[in-house]
């Protein structure tokens, strides 16, 4: 397995207006890997990051997760959502400044036209006494190859991610198949 | 896993670049990666470790930049499972990241724990530094898996990582691999 950089989006000093979208994703890799370092501007402790493919307007995305809030039992959640997969929380304006959320995301067999696309994530944020950790698994319900990916917070227009947020997209190459 | 060097002439260049690799010989409880290059976006630390401590568990921890071990800038939130349930916990105001559990000398021979940490935006001096971690230890009849998300509250770039075993030494054959992860354009 080898990993190659495809694209990098760094939010400028004024914040990101609207979603972050990667278009024209090369179709030469086996899997995609995404690394998120982000924070939201909203007046709350945290906010969800949603992953979607813009070509799949109106689709129902499914995901489930194992979540921890730092105390007691970990919880399991099974959800479906319209419009994106929540890869879960990044800190927002009422969390101490300079703290960002972190996600690593894998999208398997993204060019395969015979299966829906599996998404798995690990990440969250920690603010020294608060925070959340999420392990998510989800499905992008399409047989089409994934050619674009979007990242949103609450699916809103306006500022979605604050300055110094970044999302990096990578392609992962598998070796040649050697048999069943 | 072949890891194409970014400095090679191949095109496209690989994203994961080996920086350092240490194999423990059993005589030290500490390994250090120093003078870490600052030209990547993230770091990834991948370890296979075991302790020489005469017990069934030891408690390894790591920290950056030779930080004073009386400091308070590390915290994490975690989830973990032991085969019978899943729980969540956290540490706060810590001088390091206690990465829970390593097999030790009284566990079966050949059993090592697996530790992997993504260290996010390590060279950036405008934000605190992030960590996403996974630890897996299987002792045969018992075992544990941990996941972490942590923040080190410092704007300083990370130039050094120290990993320290709590009670014993790192057993011979323990390995520590540090990689740099390039972004597009780096």
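Within region B:103-133, being under 24 Å from residue A:89 (Cβ atoms) and surrounded by fewer than 18 Cβ atoms within 10 Å (Cβ to Cβ) holds for B:116, B:126. Taking the numbered list (1) at pLDDT 95 or above; (2) within 14 Å of the chain's Cα centre (by Cα); (3) outside any strand (DSSP E or B) in turn, residue A:25 passes all entries but (2).
Strands (runs of 3 or more DSSP E) wholly in region B:27-98 with at least 3 residues that are touching a residue at least 60 places away in the same chain (Cβ under 8 Å) and within 17 Å of the chain's Cα centre (by Cα) - which ones?
Answer list for region B:27-98: B:30-33, B:42-49, B:61-64, B:74-81.
Restricted to region B:121-149, and to residues there that are assigned to a loop (DSSP other than H, G, I, E, B) and more than 9 Å from chain A (Cβ to nearest Cβ), the residue that is nearest to the chain's Cα centre (by Cα) is B:122. Under 18 Å from residue B:65 (Cβ atoms), in contact (Cβ under 8 Å) with a residue 12 or more places away in the chain and surrounded by fewer than 19 Cβ atoms within 10 Å (Cβ to Cβ): is that true of residue B:139 in this structure? Considered against the rule, which asks whether it is under 18 Å from residue B:65 (Cβ atoms), in contact (Cβ under 8 Å) with a residue 12 or more places away in the chain and surrounded by fewer than 19 Cβ atoms within 10 Å (Cβ to Cβ), residue B:139 comes out as no. Output the residues belonging to region A:31-62 that are surrounded by fewer than 20 Cβ atoms within 10 Å (Cβ to Cβ), part of a loop (DSSP other than H, G, I, E, B) and in contact with a strand residue (DSSP E or B) (Cβ under 6 Å, 6 or more places away or on another chain). The answer is A:41, A:54.
Within region B:150-186, the set of residues being part of a strand (DSSP E or B) and more than 14 Å from chain A (Cβ to nearest Cβ) comprises B:161, B:162, B:163, B:164, B:170, B:175, B:176, B:177, B:178. Considering A:65, A:12, A:70, the condition of being in contact (Cβ under 8 Å) with a residue 12 or more places away in the chain, in a loop (DSSP other than H, G, I, E, B) and more than 20 Å from residue A:158 (Cα to Cα) is satisfied by A:70 alone. In this structure, residue B:92 does not qualify as surrounded by fewer than 21 Cβ atoms within 10 Å (Cβ to Cβ), facing chain A (nearest Cβ under 9 Å) and modelled with pLDDT under 95. Looking only at residues of region A:63-73 that are within 18 Å of the chain's Cα centre (by Cα) and more than 11 Å from residue A:132 (Cβ to Cβ), we find that the one that is surrounded by the most Cβ atoms within 10 Å (Cβ to Cβ) is A:63.
When residues in region A:128-149 are screened for being surrounded by fewer than 23 Cβ atoms within 10 Å (Cβ to Cβ) and in contact (Cβ under 8 Å) with a residue 60 or more places away in the chain, 11 of them pass.
The values are calculated or read from the model by the stated rules, or taken from the named source; none is laboratory data. Remember, predicted model here, so these are calculated numbers, not experimental data. Here Cβ is always computed from backbone atoms with ideal geometry, including for glycine, and neighbour counts include all displayed protein chains.
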